[in-house]
Ligand code: FE2
């Protein structure tokens, strides 16, 4: 296997970056029961109650709970009426990510620049106001029924955005050290990867960071192709996966089958102490993919690391190295009943890549799960 080469984004000059993005603003899930999902993300993942919108704030068709942990904002939205388009989305996809919102300085310009390059409009530029100022929003479609909403909040001093009130709760489990969204991965269908790579390049001005192909990432059953797209300042990283032919059903294909098309496969969240974060997650009932004992038998490929292999083995944490350092990571099982969306916990120690060396070990672990589900 050739060493992975990392190329840095080239459009760091703001003059050439037609879509400057400050970071991930929020991630919105459509869920069947937002009240119960919110309880889960507080209890298990340590998210904090933050804001709320629903019948009490004048909304008639939906309820949204906003949860926060450091720089990560989750919005959980559920429909209140049968006619809601959210129901159609839920019936097709199950609980999943609808909106990957991006924090920008100019929502209108973001909309104009992307739609003139071919993006399909999801939300025309809109201004929402209350006594704390205004938030400008606009939105475009991406893969499947997933959308990007551009959020301009430089003239807003309130909590989340107009229409939401503070969510005060008497139940406040502690945080577990999750800090920010490191990357978010999209699964797309057969032959669609390059279409979406081109979309992020042409429509959003992203550049490709790393490329690997199905020769790199295949096990007996699972194979995939993946390309990583990143914005100008590198704060937004979107790997795009496409299934590749394996002996049996690829886990990407399984996702596509159960999600009903392309969608967000996983959200990688960063921590400064993965051992502590993973320990707390396990204590709070989160299940992780099983990493076989054999994974720890020969980790000479990663060289010298701060942690002992015995410690990593004890916590079943994965480790990988690139030219710039190493990273520690671990993947949860899907967080809903359909084998679709899951989380990755990642701690970077210099490495800027995504754990390519772990893909084979990871997929073998996933195949074990698929075998149990009878979907191989
Ligand atoms: Fe990842």
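Using a Förster distance of 41 Å, how high is the FRET efficiency between residue 159 and residue 356, based on the Cβ-Cβ distance and rounded to 0.05? Show your work: numbers first, answer last.
Values: r = 39 Å, r/R0 = 0.96.
Efficiency, from the Cβ-Cβ distance: 0.55.
Sorted fewest first by neighbouring Cβ atoms within 10 angstrom, 83, 371, 175 come out as 83, 371, 175.
Restricting to Cα pairs below 8 Å that are 6+ residues apart, what does the relative contact order work out to for the stretch 178-373? Please round to a whole percent. Walk me through the numbers on the way to the answer.
Details: 378 pairs, mean separation 44.0, N = 196.
Rounded, it is 22 percent for the stretch 178-373.
Judged by the ratio a/c of the largest to the smallest principal axis of the C-alpha gyration tensor, the stretch 23-166 counts as oblate, that ratio being 1.5 or greater while a/b is no larger than b/c. Normalising the average separation of contacting C-alpha pairs (under 8 angstrom, six or more residues apart) by the number of residues puts the relative contact order of the stretch 250-355 at 35 percent.
Sort 235, 321 by Cβ crowding within 10 Å, fewest neighbours at the top. Present the calculation step by step, with values, prior to reporting the outcome.
Numbers: 235 16, 321 20.
With the sparsest Cβ surroundings first, the list reads 235, 321.
Taking each DSSP H run with n ≥ 4 as -39500 (n - 2.57) and averaging over every residue of the chain yields -6000 deg cm²/dmol at 222 nm. Highest GNM mean-square fluctuation among 38, 91, 244, for the chain modelled with Cα contacts below 10 Å: 91.
Among rounded, prolate and oblate, which fits the stretch 249-334 when a ≥ b ≥ c are the square roots of the eigenvalues of its C-alpha gyration tensor, a/c under 1.5 means rounded, and a/b larger than b/c means prolate? Verdict is prolate for the stretch 249-334.
Helix 34-43 and the long axis of the chain differ in direction by around 50°, with both axes built from C-alpha atoms.
Among 57, 340, sorting on how many other beta-carbon atoms sit within 10 Å of each Cβ, with the fewest leading, yields 57, 340. Take every pair of alpha-carbon atoms less than 8 Å apart whose residues are at least six positions apart; their mean separation over the length of the chain yields a relative contact order of 16 percent.
Run the simple label-point estimate for residue 92 and residue 115 please: 7 Å along Cα→C-beta, distance reported in nm. It works out to 2.1 nm between the two label points. Seen against the Cα atoms of the chain and their longest principal axis, helix 356-373 is set at about 80 degrees.
Read the figures in this text as sums done on the coordinates, not as results from a lab. As the structure is a prediction and not an experimental result, all values here were calculated from the model. Methodologically, a virtual Cβ is constructed for each residue, glycine included, from the backbone with ideal geometry; neighbour enumeration extends over all protein chains shown.
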